[in-house]
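Enquirer: First the structure, which I've put down as structure tokens, then a few questions once you've had a look.
All of the numbers you see were taken from the coordinates with simple rules; none came from a lab. Quick caveat: nothing in here was measured; it's all calculated off a predicted structure. Because the Cβ atoms are built from the backbone with ideal geometry, glycine has one as well, and the counts that use them run over all protein chains shown.
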Amino acid sequence: FAGVGIAALPLVGCEARSSFGPLRSSDDPQPLAIPPLNRGAVEGGERVFRLSLTTGQKEFVPGVASATIGVDADYLGPTLEMRRGERVRFHIDNALAEGATVHWHGFELPAAADGGPHQLIRPGTRWSPSFEVRQRASLYWYHSHLHRRAGPQVYAGLAAPIYVRDDEEAALDLPSDYGADDIPLIVQDRALDGSGKLIYPLNMHTRMMGVLGERIFVNGTQNAVFDAQTGQLRLRILNGSNARFYEFSLAEGQAMQLIASDGGLLDRPHTVRSLKLAPGERAQVIVDLTEGRPLSLVATSPDNAMGMMGGQGRGMMGGGMMNRPRDGGETGEVLRILDIRPGRGARARRLPPRLSSLNAPDLSLAVRTRRFVLDMGMMGRGMTINGAAMDMDIVNERVPVGQWEIWEIANASMMAHPFHIHNAQFRVIDRDGRRPPPLETGFKDTVVVNPREQLRVLLRFEEHTDPDLPYMYHCHILEHEDAGMMGQFLVVNS
Ligand code: C2O
Ligand code: CU
Ligand code: CU
């Protein structure tokens, strides 16, 4: 990751203190919750999922119940499993007292099925979208995208993983036994009040910085422990936090094999010792347990504000790594993986040297460049893209279907923003002219744009049904999205 990635993140071991500080991990260990797997039911040529959005109660600390939202659950929801090439249909009942939406993050699909702010599911009603699964095998997710209220609804629990499987990946013999050697990890920070109840502290400061909690939960479990039964584990990590960035690593600095980004397999396994994920981003790593020692997955969290008050951004410092930690630099264990015991089938599976064939992004395909400037205004009062805040009635861009474009995303603010584009899996070309790190060599739908940085991606849209319904592009810090750092585009016939 040298010189690239999230510049605001201190490296583990460099600026990081190994205190647990505000990222408290000191309570008793709990077995890692694994979301139940929901494969739907095949009916009339479609895979059909029946889901219900419900209110729930969850104890974030033992004995103290908090009001939450879940999908067929008190909090979070089932992992939906589907295959590339099949048609899926959902019947989603909204049993909440408020409107909600369910967005399929990472999917290329007709706008009417996207689940963005225009696909409101009113309380007591059912939404039944359907689409063909065109995505490569990977970890995707579904979550609330309610206009101006995505932050509080996701925070309360309206989010869960999606596994897409396909033949290309199945041929590789990667760990893929759900819940055994193939584990989803939804990493989220949450704030609790003095009594242990979940709070969503929205105020002037958090509207600007995003809501940060002082405790980290994985699949809703704090101090999670996973008792491994196999010599190799595939961890599918989703940063499902509203605003917190993480740099993940193994506590003793062991190597991890990075195999996939948002949109599926990379060209080959890349050996990494740490992994940066901003809200909305995913990555898959293979970790090795054949040495017979437990592993500890730790997260360092930086302060995502570079000279917000003092005016010392990277641009002004000539590209150096500047960070002024507020609660930054804290390292906390997010998952303890217990070692396998002898006789439990510890076999050292060799990873295939090649995972997928990915061509380098071909810039000569692009017929135009579109520019997006992210800004926050004074003290975060003007969350905008190209000077405009999100307006449900305004279409900001009209993009011809099927044409390759370069989207140039510039960050004029002092915070890093994870930029997400609906209805696309794109390729990162460069950041300020520099080549991207391993995680960004594959398909992405969410990518960090550092303060004062300019990032270029190559993409095209193939879905153009529902001509009058827009798709979204936005910052995936949910408080920024809710405050207007979002725009709308139509995919039009050229
Ligand atoms: Cu994950 Cu538009 O969102
Ligand atoms: Cu999305
Ligand atoms: Cu942002």
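Enquirer: Cut-off under 14 Å on the C-alpha distance; same-chain residues fewer than 8 positions from Lys58 excluded. Which aspartates and glutamates are left, in chain and number order?
Expert: Asp72, Asp74
Enquirer: Go through region 471-484 residue by residue and turn each phi into a ³J(HN,Hα) via Karplus (6.51, -1.76, 1.60, θ = phi - 60°); whole Hz please, and just put x for glycine and proline.
Expert: Along region 471-484, the couplings run 9, 10, 10, 6, 6, 8, 6, 5, 5, 6, 4, 4, 8, x Hz.
Enquirer: Calculate, in whole percent, how much of the Cα-Cα pair population of the chain lies beyond 30 Å.
Expert: Pairs farther apart than 30 Å: 42 percent.
Enquirer: Still on this structure: Order of Met204, Met209, Met415 from fewest to most other C-beta atoms within 10 Å?
Expert: Ascending Cβ contact count within 10 Å gives the list Met204, Met209, Met415.
Enquirer: Which loop trypsin sites (Lys or Arg not before Pro) in region 229-275, with loop taken from DSSP, have no more than 13 other Cβ atoms within 10 angstrom of their Cβ?
Expert: none
Enquirer: Test of understanding: ordering Asp303, Asp173 by Cβ neighbours within 10 Å, fewest first, what list do you get?
Expert: Placing the least packed residue first, the sequence is Asp173, Asp303.
Enquirer: Would you pull out the residues with amide H under 5 Å of Glu59's amide H, same chain only if 5 or more places away, H placed 1.01 Å from N?
Expert: For Glu59, whose amide H was placed from the backbone, the distant partners under 5 Å are Ser66.
Enquirer: Now a separate question. For region 376-457, state which trypsin sites (Lys or Arg not before Pro) are in a DSSP loop and have at most 16 other beta carbons lying within 10 Å of their beta carbon.
Expert: Qualifying residues, ordered by number: Arg381.
Enquirer: While we're on this one: Amide H neighbours of Arg50 under 5 Å, at least 5 residues apart or on other chains, H built in the peptide plane: list them.
Expert: Counting only residues 5 or more places away or on other chains, the set is His91.
Enquirer: Follow-up. Cα centroid distance between region 400-449 and region 49-100, in Å?
Expert: One Cα centre to the other: 30 Å.
Enquirer: Under 5 Å between amide hydrogens, which residues at least 5 positions from Val448 or on another chain qualify, with H placed 1.01 Å from N in the peptide plane?
Expert: Phe419
Enquirer: Now a separate question. Which aspartates and glutamates, if any, have their Cα less than 14 Å from the Cα of Lys197, not counting same-chain residues under 8 positions apart?
Expert: List returned: Glu59, Asp189, Glu214.
Enquirer: Continuing with this model, one more query. Please report the equivalent ellipsoid semi-axes of region 363-492, computed as sqrt(5 x eigenvalue) of the Cα gyration tensor, largest first, in whole Å.
Expert: So the equivalent ellipsoid measures 21, 20, 11 Å along its semi-axes.
Enquirer: Please give every one of the lysines within straight-line cross-link reach of Lys444, meaning a C-alpha to C-alpha distance under 30 Å, and leave out same-chain neighbours fewer than 8 residues apart.
Expert: In chain and number order, the partners are Lys276.
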